[in-house]
1. If I ask for residues that are touching a helix residue (DSSP H, G or I) at 6+ places or on another chain (Cβ under 8 Å), closer than 19 Å to Phe217 by Cα and of a type in the set (A, V, I, L, M, F, W, C), which ones from region 22-75 would you list?
2. Among Ala58, Ala147, which is the only one that is more than 20 Å from Ser185 (Cα to Cα) and within 15 Å of the ligand (Cβ to nearest atom)?
3. Which of the following residues is in a strand (DSSP E or B), at pLDDT 95 or above and either out of contact with any Ser or Thr (no Cβ under 6 Å at 6 or more places or on another chain) or within 25 Å of Val193 (Cβ to Cβ) (or both): Leu106, Leu56, Leu32, Leu64?
4. Taking the stated definitions as given, is Asp87 over 16 Å from the mean Cα position of the chain (by Cα) and either assigned to a helix (DSSP H, G or I) or within 23 Å of Gln212 (Cβ to Cβ) (or both)?
5. Residue under question is Asp73, and the condition is that it be of a type outside the set (A, V, I, L, M), surrounded by 15 or more Cβ atoms within 10 Å (Cβ to Cβ) and over 16 Å from the mean Cα position of the chain (by Cα); does it hold?
6. Can you tell me which residues in region 182-230 are assigned to a loop (DSSP other than H, G, I, E, B), open to solvent by less than 90 Å² (accessible area, probe 1.4 Å) and either in contact with a His (Cβ under 8 Å, 6 or more places away or on another chain) or at pLDDT 95 or above (or both)?
7. Quick one: count up the residues across region 28-43 that are within 16 Å of the ligand (Cβ to nearest atom) and touching a residue at least 40 places away in the same chain (Cβ under 8 Å).
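The values are calculated or read from the model by the stated rules, or taken from the named source; none is laboratory data. Everything quoted here is computed from the prediction, not taken from an experiment. Neighbour counts are summed over all protein chains in view; Cβ atoms, including those assigned to glycine, are modelled from backbone coordinates with ideal geometry. Calculation scope for accessible area: heavy atoms of the full protein, side chains included, ligands and nucleic acids excluded. Shrake-Rupley method; radii C 1.70, N 1.55, O 1.52, S 1.80 Å.
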Amino acid sequence: RLLSFGDSQICKYAVVTVATIGCGKTTTSLALANLFPNIIGHIQNDNIRRPVGNKLVAGALEILINRPIVILDKNDHKFIERKQIFDDFDQLNEVIPTSKLKFICLNFLRNRPQEDKDLWNITRERILERGDNHQTIKAAGKGITKAEKIIQGFIKRFQPVDPGREPDSKFDLIINLDVTSPDSSYANVKTVVDNLISFASDLNLTRPTEEQFQEAFKSALDYKPSVNKI
Ligand code: IDP
């Protein structure tokens, strides 16, 4: 089914992740795209060569031509990065009426991650486990300390989502997720789906069955990036 902008019922949804490394952004995004392949597209900052300027948003807008939802998979761990996303949409979007473009935040970290020992342990463990299966962060063998430093840097700089101020006040919906256990992503996928079903009611999404959730999640966990930047 073609979704045209002439159809006044249809909105477009830009889903923006806010997290640090290893919170499960890519796993969650892939599972969501697996569940709704014709509805949800996914663009990963890590797959963009030299991810400078507005390439992420430009790619997201391209996906929105054929699908109503796009997930922009990037840490966006500081206010300035979130502001950049909104600014790039303002600048590049010439097609979608502003009133039809909704911004949804996937808020992986609600509290101060600097004081969250579990977050450090869980994400560190996941990244070491992932080894070299990443575009830029290689954690196998002697690279371990370097990977740890990168994770720590993101946690140290993290600025929590604050809906009371710009840019975060521009989100139409903030979905709070948890990274409180090594297997947190499965529950996060379900939380996002339930929120999309009620918030994006114009899309009439059907809730997947438990088997469908499990299958989509399993293949998301098996993901190996095809882009290698090191
Ligand atoms: P990120 O995109 O936020 O950096 P991911 O790449 O999604 O994080 O996850 C980091 C690693 O942790 C990956 O190897 C992924 O397979 C694994 N992982 C993420 N969430 C889960 C989970 O809920 N259960 C088991 N492994 C997970």
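1. Those that are touching a helix residue (DSSP H, G or I) at 6+ places or on another chain (Cβ under 8 Å), closer than 19 Å to Phe217 by Cα and of a type in the set (A, V, I, L, M, F, W, C): Cys23, Leu30, Ala31, Leu32, Leu35, Ile39, Ile40, Ile43, Ile69, Val70, Ile71, Leu72.
2. Ala147
3. The conditions single out Leu106.
4. In short, yes.
5. So Asp73 does not fit the description; no.
6. Selection gives Ala200, Leu205, Pro208, Thr209, Pro225.
7. The number of residues fulfilling the criteria is 7.
Residues checked against (1) away from the ligand (no atom under 16 Å from the Cβ); (2) among the β-branched types (Val, Ile, Thr); (3) open to solvent by 50 Å² or more (accessible area, probe 1.4 Å):
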{"site": "Tyr13", "(1), (2), (3)": "yes, no, no"}
{"site": "Thr26", "(1), (2), (3)": "no, yes, no"}
{"site": "Ile65", "(1), (2), (3)": "yes, yes, yes"}
{"site": "His77", "(1), (2), (3)": "no, no, no"}
{"site": "Glu81", "(1), (2), (3)": "no, no, no"}
{"site": "Gln91", "(1), (2), (3)": "yes, no, yes"}
{"site": "Thr98", "(1), (2), (3)": "yes, yes, yes"}
